[in-house]
Each structure stands twice: as structure tokens, then as C-alpha cells.
Amino acid sequence: MTFVELKEGLIMAMGALVGNKFRSSLTILGVLIGVWSVIAMTSLISGLDSAVEESISGMGSNILFVDRFPPEVDYDDLTDEQRNRKFMTVDEADAIRDNCPSVAAVSPENHYWARGGNKVKYKGRKANRPAIVGVVPDYQKVRDVTVTSGRFITKLDNDTRAMVTVIGTSIKKALFPEEDPIGKEIRMNNKRFIVIGIREEQKNMFDEGGENNKAAIPLETFQKLYPWDDALTLVVSAESAEMLEQAKEEVVVALRRVRQVPYNKENDFAIFGQEYLLDMIRNITQYIYIAMIVISSIGLMVGGVGVMNIMLVSVTERTREIGVRKAIGAKRTNILWQFLIEAMTLSGLGGMLGIGTGLATALLIDLVTPLPFGVSLLYVTLGFAVAASVGLVAGIYPAYRAAIVDPIESLHYE
């Protein structure tokens, strides 16, 4: 097909679309919804991936987590021996600090969430179910915490089990919207604490359980108030990102010695870093991508059926026109391409409008949620290509029907 024939085909296709505006709009809508779902869902998932990776990366590139089990453990699959594993202890944190030269600091920490949420109040104002975390001074170094006002928890606070707390910005905004909280007394689960510091605000999509919504108290105070909650986690900071693997090996050796793990037994603890958490998130989003492909495929299939139906109706309505074109010399291939171009124009317009709607949806997600704008050029291109392909596939049979119409019979068609 020559460029001139392509141009004429496009002009005729646009004329047919304009002549049947309502019918064409309904056809385009089916393809639009399919492509929109591709762009919108990939934007949502890409934004979620980026936000999660940013949140995890914000912990630092040289961080290791030590706990009884890895995050994704299925407790139903554990043996009795595994279920009876001891929680991590402060003594084990001391052993890591004393015997691992590649480790810069160790932060034993424990989080407490009361049933129904922790109740943190000040003069009738309430915080939004913050987490209460027991920490030691090294928490500041390991977690790279900056205190914008006041000070952080000290060894003296920990040794004396002081009733003091360092709060995040979400708690500060909820309880002290217009006053300085330093030195003020707040109630946390009906216990009185003095606010001694305010943490710098952190960018985190999980703000309700994130760093901005945490109240840090001395670990010894935590253990005095919540003696039944002994689920301690050790967060280890290596001297540098390059020394992370060496630090991991040293921690394993130190803990096996302290926990008296026989040489022929596996570790009775888990040690993992950011990559482990990122891989876990990526494995989850893979299933979301599969669901997205299925949903989008259904939408595009419906759009393709709509294109085919409309083109079959168009062939029937324009039987006489086809006969006239054949009578004046048009070949079967000319008729075939005319209707194929018309079908592809329908789906192509739907694809372009779907891309535009999808990009607008992505911008809206960026504006009203913590998720960043995350549209991939690959999926935009793929969305349009699939839309055009739907038109091509859906238009083949109607175009073939048009091409084989007998010119004599079609001239007598009413």
C-alpha cells in the first residue's frame, strides 16, 4: 500500500467516524478503558514500588536486621524446635558490639502496639495510634536520627529507667500544633512521660507505623512497663556499605557462640538486610502485575469485540459503496485496507485517549497520595501498540467480508 492510499484510507476512516459519532464513541470507549487500566495500574504499582524502595533505602545502606525469624516466615510450617527459639537479648547486642570490628553500632529495640492502638494524649488532644519503641542511645546512630529540638535518650535515661520520650513529627503536630512540646508532660497508655526531644520529619509512605509516628522511650523503661513483651530485634550498622558482608559474617559467628548453637546445627536466628526486604516487596508486586495484565486483557478484549461488531455493521451499511468502488476499479486489497485502516483508527484513537486518561490518573495519584508519579514509557508505548493491534485483529474479518463482496450484488443492495 502506497502513502497516497494510506492517506486516502485515513481520510475515509475519519469521515466514517465523524458520520457515526455516537456509535464510534462507544467503540472507542471500550479500547480507552482497556488502555487506561494498563497505564493507571502500572502507575500505581510503579509508584508503590518507588515509595517502598525509598522508605527502605531511608533506613541506610549499611543496615542489618537480626531477629528470630525472617519477615515472611510461615509459622504453620515451623517445627516445635523452631517455635521455641529464644528472642534476641541485650546481652547478645553487647556481644556483637564487643566482638565484631566491622560493626559500628548495635540498636536493640522493641515496639509496642496496644490492642486498639496506643493512647497518647495531651490536654484532650490525641495522637493517631503511635508506636511506642524502647531504644538505647545507639538507636540514634544506627537509624540516623536527627533531633531538631531538645535531645535524644542517653545512657543515664536508660540506666535510671527515666520516664522520658522523644516523639516524631506526626505526634508533635497532633498534640502540640501551636506550642513547644519540650518539657511538657504527656500520657502514654496512662503513664506520664516528659517530652525531651523532637525527631526530624522523615519521608515515609507508611506514616501511621513509620518513624514520624513513633514515641521512643528508654529500653529499660520499656521493659519495666511491658515485661511480657520480650520480642526484641537487633538492628546492626556496619562501618560502611562495603563492609556489610564482613559485618554479617562476624555477627553470625558472635551470635552462634553466645546462643551456643552446635557446629552441626543451623542458625537459630535470622539476619537480613534491605535487599531481602526489597526482594520480598518485588515478589508481592509480581502477583499484582499478573492481576493487572488479566484485568487489562479483559478490558482490551471487550474493546476488540466492540470494534469488530461496529465494523461488521459498517460493512453491511456500506455494501453499495463497496460495489461502486469495485465497479470503478478498486481491488480487493484496496477495500481490505480501507476497512482495516478504519478499524485501526478507531482503536488507535481509543488508545491515545486511554493514554491521556491514564497519565491524568497517574498525576492525580501523585497529588492526592504519598505515591510518586510513576508512568513507564515502555507501558505507554505498549498500551498504544496493543490498542492498534486490537484494531488490526478485530478488523481483519470485517475487512475480509467487505473485500469479497460481489460488486454486481452490492450495486443492487438496498
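General remarks:
- Yes/no for I198 being crowded, with 18+ Cβ neighbours inside 10 Å, in contact with a Lys or Arg (Cβ under 6 Å, 6 or more places away or on another chain), in the same structural domain as I217 (by TED's automatic domain parsing) and under 23 Å from A105 (Cβ atoms): yes
- Within segment 60-116, the set of residues being in contact with a strand residue (DSSP E or B) (Cβ under 7 Å, 6 or more places away or on another chain) and among the polar types (S, T, N, Q) comprises N62, S102, S107, N110.
- Pairing each residue of segment 226-241 that is in contact (Cβ under 8 Å) with a residue 12 or more places away in the chain with any residue that is in a loop (DSSP other than H, G, I, E, B) and of a type in the set (A, V, I, L, M), provided the two are 6+ apart or on different chains, yields C-beta distances under 7 Å for L232/M88; T233/M88; L234/M88.
- Verdict on E81 being charged (D, E, K, R) and buried (at least 19 other Cβ atoms within 10 Å of the Cβ): no
- Filtering segment 255-272 to residues that are under 36 Å from the mean Cα position of the chain (by Cα) and hydrophobic (A, V, I, L, M, F, W, C) leaves L255, F269, A270, I271, F272.
- Of the residues K203, K214, the single one that is in the same structural domain as R151 (by TED's automatic domain parsing), modelled with pLDDT under 90, on the phi < 0 side of the Ramachandran plot and among the basic types (K, R) is K203.
- All of A399, A362 fail the test of being at pLDDT 75 or above, assigned by TED's automatic domain parsing to the domain that holds G299 and over 17 Å from S297 (Cα atoms), apart from A362.
- Meets criteria (touching a residue at least 40 places away in the same chain (Cβ under 8 Å), exposed (fewer than 15 other Cβ atoms within 10 Å of the Cβ), in the same structural domain as I194 (by TED's automatic domain parsing) and aliphatic (A, V, I, L, M)) for A114: yes
- Criterion: out of contact with any His (no Cβ under 8 Å at 6 or more places or on another chain) and modelled with pLDDT of 95 or more - qualifying residue of F69, F152, F87, F65: F152
The values are calculated or read from the model by the stated rules, or taken from the named source; none is laboratory data. Everything numeric here is computed off the predicted structure, so don't read it as measured data. In this analysis, Cβ positions are derived from the backbone assuming ideal geometry, glycine residues included, and neighbour counts consider all displayed protein chains.
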